[in-house]
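Q: I have a structure I would like to understand better, so I am pasting it below and will then ask my questions one at a time.
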Amino acid sequence: MPAPASAVVAAVVGRRQEPVTVDVERGRLRMFAQAIGETDPVYSDVAAARAAGHPDLPAPPTILFGLDLERADTLGFLAGHGIDLGAVLHGEQAFTYHVPVYAGDTLTFASEFTEAYSKAGGKLDFLVRRTRVTRGGELVAELDNTAVIRNGAAA
Amino acid sequence: MTTVLEQVAVGTELSPLALPPISRTTLALFAGASGDHNAIHIDTDAAHDAGLDDVFAHGMLSMAYLGRLLTSWVPQARLRHWSARFTAITPVHGEPTCTGTVTAVEAAGDGRLATVDLKVTLADGTVTLSGTATVVLP
């Protein structure tokens with residue numbers, strides 16, 4: 001059964017980070033496709049994407065995570081609230097999609113820490129960060145990142 | 001493709017995606033391309049400083065492989081929601097295999113909603129990611 005999180009972690013709940021705005025670039029999408037071994041030309045060749053009915057290269061399912069991570073300095077935010085970064089692990093990641101995202105889009109990522117709880121007799125704290133991704137005010141996706149904080153893990 | 005998707009039922013297995021051993025080059029390219037610059041995945045000095053013997057793969061690299069499993073099965077727009085838990089680290093040279101099994105199918109509007117259980121497993125049987133996806137079917 002989840003129990004209340006430690007005071008340091010619980011104090012982050014309700015905090016919001018400054019939103020970040022990111023351009024989704026074709027070159028970035030091609031690099032990502034190459035790095036993950038994606039060979040479907042829809043993800044790297046604009047002509048193939050258009051032939052499949054897309055207006056441009058589609059953003060693959062997980063790339064929104066990194067576009068946010070790269071700009072939002074979430075670890076710095078947590079450190080600023082007294083959380084030991086050496087004890088932080090990525091526990092769970094969820095994505096909900098509302099509208100497809102394509103190269104050429106400009107996205108805004110707005111994040112809030114929404115929930116905290118503990119398990120294992122207080123040895124592990126869980127902290128949920130929800131990110132709303134919008135394009136011109138339209139909600140296109142939501143991300144839920146659950147961090148695990150190991151209390152007393154680091155000497 | 002459409003015909004195949006119309007035949008999807010509980011127990012349908014997605015074609016597994018077996019990856020080659022993860023190289024340090026892949027980790028470096030993924031760090032830059034994804035935006036996850038955590039040095040513990042790309043710099044052995046940083047790994048040593050953290051008390052580890054070596055760097056290890058980004059959890060989100062394995063989730064990206066699971067994304068490939070899903071989008072090679074259905075057009076990406078059919079993927080509505082999914083999540084994954086990171087249950088073990090993936091060492092350098094680890095060989096992940098992504099698998100998926102349909103565990104529920106229910107009517108929803110004009111189509112159907114399928115629940116797919118997802119896993120990433122290393123050659124030694126270690127499960128590194130465990131997840132669930134909700135996919136719209138015709």
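Q: Just checking, how many residues over region A:110-155 are touching a residue at least 40 places away in the same chain (Cβ under 8 Å), open to solvent by less than 60 Å² (accessible area, probe 1.4 Å) and not in a loop (DSSP other than H, G, I, E, B)?
A: Number satisfying all stated conditions: 25.
Q: Any idea which of B:5, B:19, B:79 is surrounded by 12 or more Cβ atoms within 10 Å (Cβ to Cβ) and modelled with pLDDT under 95?
A: B:5
Q: Suppose we keep only residues that are more than 11 Å from chain B (Cβ to nearest Cβ) and either over 24 Å from residue B:64 (Cβ atoms) or of a type in the set (Lys, Arg) (or both) within region A:52-77. Which one would you say is surrounded by the most Cβ atoms within 10 Å (Cβ to Cβ)?
A: Taking the candidates together, the pick is A:77.
Q: Of all residues in region B:52-74, which are at the interface with chain A (Cβ under 9 Å from one of its Cβ atoms) and of a type in the set (Gly, Ala, Ser)?
A: B:59, B:64, B:67, B:72
Q: Does region B:96-107 hold any residues that are among the small types (Gly, Ala, Ser) and open to solvent by 40 Å² or more (accessible area, probe 1.4 Å), and which are they?
A: B:107
Q: Within region A:42-50, is there a residue that is touching a Phe, Trp or Tyr at 6+ places or on another chain (Cβ under 7 Å), modelled with pLDDT of 95 or more and surrounded by 14 or more Cβ atoms within 10 Å (Cβ to Cβ)?
A: no
Q: Given (1) within 12 Å of chain A (Cβ to nearest Cβ); (2) exposed (fewer than 12 other Cβ atoms within 10 Å of the Cβ); (3) of a type outside the set (A, V, I, L, M, F, W, C), where does residue B:37 come up short, assuming only one miss?
A: Of everything listed in (1) within 12 Å of chain A (Cβ to nearest Cβ); (2) exposed (fewer than 12 other Cβ atoms within 10 Å of the Cβ); (3) of a type outside the set (A, V, I, L, M, F, W, C), residue B:37 misses just condition (2).
Q: Same structure, new question: Of the conditions (1) free of Cβ contacts under 8 Å to residues at least 60 places away in the same chain; (2) more than 7 Å from chain A (Cβ to nearest Cβ), residue B:77 fails just one. Which one is it?
A: Result: residue B:77 fails condition (2) only.
Q: Hey, another quick one. All but one of (1) surrounded by fewer than 15 Cβ atoms within 10 Å (Cβ to Cβ); (2) within 14 Å of chain A (Cβ to nearest Cβ); (3) in contact (Cβ under 8 Å) with a residue 40 or more places away in the chain hold for residue B:93; state the number of the condition that does not hold.
A: Answer for residue B:93: the failing condition is (2).
The values are calculated or read from the model by the stated rules, or taken from the named source; none is laboratory data. Note that the coordinates shown come from a computational prediction; the quantities given were computed from them, not determined experimentally. Don't worry about glycine lacking a Cβ; one is built from the backbone with ideal geometry, like all the others, and counts go over all protein chains shown. With ligands, DNA and RNA removed, areas are computed over all heavy atoms of the protein, side chains included. Shrake-Rupley method; radii C 1.70, N 1.55, O 1.52, S 1.80 Å.
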